[in-house]
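Only one structure is covered here, and it is reproduced in the block below.
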Amino acid sequence: MTRKKVQIHARRSVHLIMGITLCVAVVSGLCGCGGSAENQGITLLNVSYDPTRELYRDINALFTRQWTEKTGVPLTINQSHGGSGKQARAVIEGLPADVVTLALAYDIDALVEHGGLVASNWASRFPHDSVPFYSTIVFLVRKGNPKGIHDWNDLVRDEVSVITPNPKTSGGARWNYLAAWGHVLTEKLGDPAIAAREPERPEVREAQEAARQFITELFRRVPVLDSGARAATTTFVQRQIGDVLLAWENEAMLATRELGPEQFEIVYPSHSILAETPVAIVDKVVDTRGTREVATAYLEFLYTPEAQRLAAKHYFRPVMPDITGSDLPAFPQIRLFSIRDLYGDWKTAHAIHFSDGGIFDQVYEASAGKEVKTP
Amino acid sequence: MMPLKHPQRFGLLPGFGLTMGITLSFLGMLVILPFAALVLSASRISPGTFLDTLVNPRVLASFRVTFLAALGAACVNAVFGFLVAWTLTRYSFPGRRLVDAMIDLPFALPTAVSGIALTALYAPGGWLGSLLEPLGVKIAYTPAGIVVALIFIGFPFVVRTLQPALADLEEEYEEAAASLGANRWQTFVKVIFPSVLPALLTGTTMAFARALGEYGSVVFISGNMPYRTEIVPLLIITRLEQFDYAGATVLAVAMLAVSFALLLLANLVQWRITRYTYERS
């Protein structure tokens, strides 16, 4: 090669490398802007699910004030909200959550299984199995209850159409589904826990078959399978589709309060599910960030009377007794069965019902191609 | 004249090194790396699992829904997109610029917003839905709803690729056709249409490709009923929601492969047509 050629080649390579460097610099510059600037004091990230946005805003304000007064170190708590499963996945993929407060234990178990972000004994770290407040599944019907829906069995009457989201994509929908399942077991066996304890008994088999029938009939009356709980509420409330919405009690109370009691009313079935919404510290994150102490204090704070009052104010049922007041909503007494009663744990329940080829899939396979019942 | 000092392998334009460097790293970081990661994680899945995941009535049904709806929407867009592009380039009327600006709205609007807006409109209680319902026509929560959403998001692709092609058509061709005795219909079919056909195909292919992957707007209007109105992207989300990363990867790779094959085919057809029209003229 002549010298000139070498020079030209060299210049070309230099240009090529300059181009690559420029591109990398621009992209890393973009990333830099995306990350939050390091500010004074401590920050915590609470990764939660959709309906807790307002609740944690209030709790965070209270806790940060107390913490700063006590320690003198300014504290900022950031919140992230979204579908429970999606949030868990974000944490698995690297969202640096110090604590997670999710819609069901299954999603926290996922953090144990994928990457060992949370220690497997997370449920025993805080009181009441790490459930600071809970909810249940109720019916939201249109004002005056025109279809006369009073209990679970009214849902599978011919002229009724039901709105509930897809249990495969929505945590809230899994509670709805299991509440319906548990209802049949309770009705047939008296106590749904018998099914978990003695699965071989013939009457248990019968009850489970009846429950499967009930679920099949129920989902034949679901005209729209929304992907999340909020979307289902929109379908029922804004689109005016369906006669009854299966919903978290807190969402139903919020809907009646915000949209005016003249439009909707809540129907309490004779029994329903204890919808436990657990909290956990993300061990891997707090150990890297050095925030274990404040994260623990934060979650413990959820069990104090003032935080419990805030929970009740936002329509979550407090776990502590005697949280009452004229400014707090009244939570009607209702017989509740838990996931433990039905299956022992979420993992078993999930494998039986919502995994691929599980009972929920079979329900749709059975009715595949058949037209949905629309009254 | 001075002889060329060195062979100009890369042409006379300066800046080849710089632009090529940017192109390569840009494509690498934004396109090739994510795809490579997808293929890499798919390669860890055994062929048995791969097949089991795909050969499942519900998955196959969702593939059918997705591709048919995207195809239907692309066809509708080809016809109406052509009409709109034609109107906007060939006629002048008051408010033309406004209409022209509106074409881009589907690009700018968050897809969830368009999905919710379309659902509100076409749901049984909505403005259009309540008019259609007595006629027995249901749009929202049926496959037709999916097609409507896909038409909406794919529409600008057709219009925007056709507009420059139509604007570039020299009037001389039409005048020549007329002077050679062609009537207006013949001029359109034999002169105008063939010269914009490549652009029409490009636009339609883009609209089709965009529709295949659309998720945000469809989930609101489709009703998401398994076997009937469930699209592949929703099934991918469903797998992810259950932390089934392998299953989601399988679906994503299958989707990618089929889409790539279809796009390649469309490009091939387009290339053939372009060459054909070019050789004839």
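Where a number appears in this text, it was derived from the coordinates with a stated rule and is not lab data. As the structure is a prediction and not an experimental result, all values here were calculated from the model. Please note: Cβ atoms are built from the backbone with ideal geometry, for glycine as well, and neighbour counts cover all protein chains shown.
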message: Cβ contacts < 6 Å: first residue more than 9 Å from chain B (Cβ to nearest Cβ), restricted to the stretch A:70-93; second residue assigned to a helix (DSSP H, G or I) and of a type in the set (Phe, Trp, Tyr), any location; separation 6+ or different chain. Result?
response: A:Leu75/A:Trp67; A:Gln79/A:Tyr56
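The rows are residues; the columns are (1) buried (at least 24 other Cβ atoms within 10 Å of the Cβ); (2) over 30 Å from B:Ala248 (Cα atoms); (3) in contact (Cβ under 8 Å) with a residue 24 or more places away in the chain.
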{"site": "A:Ser161", "(1), (2), (3)": "no, yes, yes"}
{"site": "A:Trp175", "(1), (2), (3)": "yes, no, yes"}
{"site": "A:Gly190", "(1), (2), (3)": "no, yes, no"}
{"site": "A:Glu200", "(1), (2), (3)": "no, yes, no"}
query: Which residues, taken from the stretch A:142-181, are within 14 Å of chain B (Cβ to nearest Cβ), assigned to a loop (DSSP other than H, G, I, E, B) and within 13 Å of A:Glu217 (Cα to Cα)?
result: A:Ser161
- request: Output the number of residues of the stretch A:118-128 satisfying the condition of being out of contact with any Pro (no Cβ under 8 Å at 6 or more places or on another chain) and surrounded by fewer than 21 Cβ atoms within 10 Å (Cβ to Cβ).
  value: 7
task: Return the residue satisfying two criteria in turn: it lies in the stretch A:94-119 and is within 12 Å of the chain's Cα centre (by Cα) and assigned to a strand (DSSP E or B), and of such residues it is farthest from the other protein chains (Cβ to nearest Cβ).
output: A:Thr101
Residue check, A:Glu258 within 14 Å of A:Asp50 (Cα to Cα), of a type in the set (D, E, K, R), more than 13 Å from chain B (Cβ to nearest Cβ) and surrounded by fewer than 24 Cβ atoms within 10 Å (Cβ to Cβ): no
task: Quick one: which residue in A:Val131, A:Val112, A:Val100 is farther than 30 Å from A:Arg239 by Cβ and buried (at least 24 other Cβ atoms within 10 Å of the Cβ)?
output: A:Val100
- request: Find the residue count for the stretch B:212-250, including only residues that are within 7 Å of chain A (Cβ to nearest Cβ), under 22 Å from the mean Cα position of the chain (by Cα) and more than 22 Å from A:Thr235 (Cβ to Cβ).
  value: 0
query: Hey, B:Thr142 hits all of (1) within 14 Å of chain A (Cβ to nearest Cβ); (2) surrounded by fewer than 18 Cβ atoms within 10 Å (Cβ to Cβ) but one; which does it fall short on?
result: (2)
